[in-house]
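> Take a look at the following structure, please.
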Amino acid sequence: MKSLTEKQKATIERNLKAFTYNFGNVRIERANYGPGLYVYFPADSDKFIQFCENADYLNGWLYGAVQGFMCGEFKQNYKG
């Protein structure tokens, strides 16, 4: 896998920081083709948990993961 470009890093910087703060280290690698990105969590995992078609999608996914975790309404209504 290839490492992220500087533009990709800049796109996800803020939401990656928030994700790492709340969940721990994550590894993100570029696909061997196209703009796709694989998310590995925890960082030393052998299997990816998310495939994102591009850095903008990844940025939104990181944001959504943190917001979903932090949103109290989801926690108080969870019946699982």
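> Can you name every residue in region 15-43 that is farther than 19 Å from residue 2 by Cβ, free of Cβ contacts under 8 Å to residues at least 12 places away in the same chain and more than 11 Å from the chain's Cα centre (by Cα)?
Across region 15-43, the qualifying residue is only 21.
> Related question: Can you tell me which residue is most open to solvent (accessible area, probe 1.4 Å) among those in region 4-26 that are within 17 Å of residue 42 (Cα to Cα) and of a type in the set (Ser, Thr, Tyr)?
Among those residues, the one meeting the criterion is 21.
> Continuing with this model, one more query. Among the residues that make up region 29-37, is at least one of them among the aromatic types (Phe, Trp, Tyr) and either surrounded by 14 or more Cβ atoms within 10 Å (Cβ to Cβ) or in contact with an Asp or Glu (Cβ under 9 Å, 6 or more places away or on another chain) (or both)?
Among the residues of region 29-37, not one is among the aromatic types (Phe, Trp, Tyr) and either surrounded by 14 or more Cβ atoms within 10 Å (Cβ to Cβ) or in contact with an Asp or Glu (Cβ under 9 Å, 6 or more places away or on another chain) (or both), which makes the answer no.
> Next question. Hey, could you check region 20-38 for residues that are assigned to a helix (DSSP H, G or I) and either touching a strand residue (DSSP E or B) at 6+ places or on another chain (Cβ under 8 Å) or more than 12 Å from residue 49 (Cβ to Cβ) (or both) and say which is modelled with the lowest pLDDT? Write out each step before concluding.
Kept after step one, since they are assigned to a helix (DSSP H, G or I), are these residues of region 20-38: 20-23.
After this cut, where a residue has to be either touching a strand residue (DSSP E or B) at 6+ places or on another chain (Cβ under 8 Å) or more than 12 Å from residue 49 (Cβ to Cβ) (or both) as well, the list is 20-22.
Working: 20: 96, 21: 95, 22: 92.
For region 20-38, the residue satisfying everything is 22.
Conditions tested, residue by residue: (1) open to solvent by less than 60 Å² (accessible area, probe 1.4 Å); (2) modelled with pLDDT of 95 or more; (3) not basic (Lys, Arg).
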site: 49; (1), (2), (3): no, yes, yes
site: 59; (1), (2), (3): yes, yes, yes
site: 75; (1), (2), (3): no, no, no
site: 80; (1), (2), (3): no, no, yes
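The values are calculated or read from the model by the stated rules, or taken from the named source; none is laboratory data. These figures come from a predicted structure and were not determined experimentally. Every residue, glycine as well, gets a Cβ built from its backbone with ideal geometry; the counts of neighbours run over all protein chains shown. Heads up: the accessible areas ignore ligands, DNA and RNA and are worked out on the full protein's heavy atoms, side chains in. Shrake-Rupley method; radii C 1.70, N 1.55, O 1.52, S 1.80 Å.
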